[in-house]
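Here is the structure we will look at.
The values are calculated or read from the model by the stated rules, or taken from the named source; none is laboratory data. Everything numeric here is computed off the predicted structure, so don't read it as measured data. Ideal geometry is used to build each Cβ from the backbone, glycine not excepted, and the neighbour counts take in all protein chains shown.
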Amino acid sequence: MILLAALVVMLVAACGSSGTARPTYTNPVIAGQYPDPTVMREGSDFYLAATTRAFVPAFTLFHSRDLVNWTPIGGVLPQAPLWTSGRFWAPEFSRWGNATRIYYAALDHSQVHCIGVALANTPAGPYQDLGRPLYCPASGAIDADVADGPHGTRYLVYRQMDKPGGIWAIELTANGLRVKGKPHELLKPAAGDHGVVEGPEVVQHAGYDYLFFAGSNCCKPPCDYFEGVARSRSLLGPYVRARQPALRGSSALRCPGHGDLVTDQNGDSWFILHAVLPDDPVNARRQPVLEPLRWAASGWPVLGDNGTPMTTAAAPLGVAQKVTRVHAPDLEATTLDPLWEWPWNRTAFARPSSRGLTLSGNPATAELARQVAALNVRAQVRAEAHGCYAGLAGIAGSEDVGEALGIEVQRGQVRVWRGSSGPGQTVATAQVPTGAPITLLATVQGSRTMRFSIDTGGGPVPVGPALSTAATTRIVRLALTCRGPRSSSAIFTSMRVAATS
């Protein structure tokens, strides 16, 4: 039986003297490291996918009926396509006839940034990768968007990686699975962009093509990302920038950018993009936020509250928001919980059953991870080791697989360790009676400092000193681990994760 605590916050604002409750939402609408969000509406259903970078399934997929409550439903790519070498980011939904596509960026085996595409009948999937890169210029291409051009043409709009950078467009073939012709430059970096314009989103409105883009530094602290916009009478330009960014960060929501527009059933327009909370100085979690979009009398779009992100606003479709700070993995479900993920080049073979979740071993340490959005967390697991060291670890790094801090047990030997893969460095050891039931416990403070302990029935006993990540990184994932031969395994029979103060 799984024991898992989740802190659920209901956000409801009073409206009017009659006491009628007016539902609201608070940003972010999805907690965790889910940058570069893309969104699509299919009838009354909304779908969102986001960057996963070094983790698979690539591009976590969420579903919603109201834009503020999102449920994970899987990943777009269960495994890394053979033509890629990891680093999956910036997915983009595109409707193609009656079908759905997700164009995305990845590295090929020559370490060139390429655009790929996955195809499905519906936004919910399942998706099938094309099996080759769609576009792989020597100058590199990321952040794909698909836009309508003149005379029924469609174009791939993207950021060029190599200098001088900028946003470019190249025509797609009739089936959208190849490119043709020469690329066209749409937008150059300007003063204040620090050489970066990216995340294009083309919106046609009132006779103009509006090119939304993100500018400047998204990720390295201190970030100064913003969402800008330019417009043209033709997709291929020339473009004129708005005098002010469409959205610039505030002390409450920093560095907003790289998003997607969606129109709800009422005809209202919304922009979903990522931003960073003030308690995250190293930008470890770029989290999806929802901002209203309106068209000013000047014809230019305005996001949020006159260009400033809104932390709380009226819910788009009148449904109250439920924010789950810690998601609950079911170790006894018939299928693997959709929020589990693992390093793209170190597949975690895991299967839930009535006995619990079985994780197969890996000499470099199998890691079955999930994001933890709360800064302070207490976790505990009970595991049965069958030939491997079974454990619990925190993984540092927001997008790449960073150093891990963990505790593991096998045959009465308990070990606290730190490292990137394999056994890592032993920090402390302890002994417990062989065959005795043991619970492994870990606390995370400020997403950076971890403490480990064990419990064999008499209460928690600390093992080793407190361990901290480097100052520039944070613990954003917890992982079940199994270090040993591939024939070995661990069965995790219970897990409890809770946010703490």
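Would you be able to say whether some residue in segment 126-140 is within 21 Å of the chain's Cα centre (by Cα) and part of a loop (DSSP other than H, G, I, E, B)? The answer is yes, given that some residue of segment 126-140 is within 21 Å of the chain's Cα centre (by Cα) and part of a loop (DSSP other than H, G, I, E, B).
Among the residues of segment 465-501, the one identified as without any contact (Cβ under 8 Å) to a residue 60 or more places away in the chain and among the polar types (S, T, N, Q) is S468. Considering the conditions (1) over 28 Å from A54 (Cα atoms); (2) touching a Phe, Trp or Tyr at 6+ places or on another chain (Cβ under 7 Å); (3) not basic (K, R), G459 is excluded by exactly one of them, (2). Taken over segment 416-439, the criterion of being assigned to a strand (DSSP E or B) and on the phi > 0 side of the Ramachandran plot is satisfied by G419 alone.
Does F212 qualify as being surrounded by 14 or more Cβ atoms within 10 Å (Cβ to Cβ), in contact with a Cys (Cβ under 8 Å, 6 or more places away or on another chain) and at pLDDT 95 or above? Considered against the rule, which asks whether it is surrounded by 14 or more Cβ atoms within 10 Å (Cβ to Cβ), in contact with a Cys (Cβ under 8 Å, 6 or more places away or on another chain) and at pLDDT 95 or above, F212 comes out as no. Remark: pairs (first residue in segment 32-53, without any contact (Cβ under 8 Å) to a residue 24 or more places away in the chain; second residue of a type in the set (A, V, I, L, M); Cβ separation under 7 Å; 6+ apart in sequence or on different chains) are absent. Within segment 295-311, one or more residues are crowded, with 24+ Cβ neighbours inside 10 Å, over 22 Å from E399 (Cβ atoms) and hydrophobic (A, V, I, L, M, F, W, C).
In this structure, is V409 surrounded by 21 or more Cβ atoms within 10 Å (Cβ to Cβ), part of a loop (DSSP other than H, G, I, E, B) and touching a Phe, Trp or Tyr at 6+ places or on another chain (Cβ under 8 Å)?
Working: surrounded by 21 or more Cβ atoms within 10 Å (Cβ to Cβ): yes; part of a loop (DSSP other than H, G, I, E, B): no; touching a Phe, Trp or Tyr at 6+ places or on another chain (Cβ under 8 Å): yes.
Answer is no for this residue.
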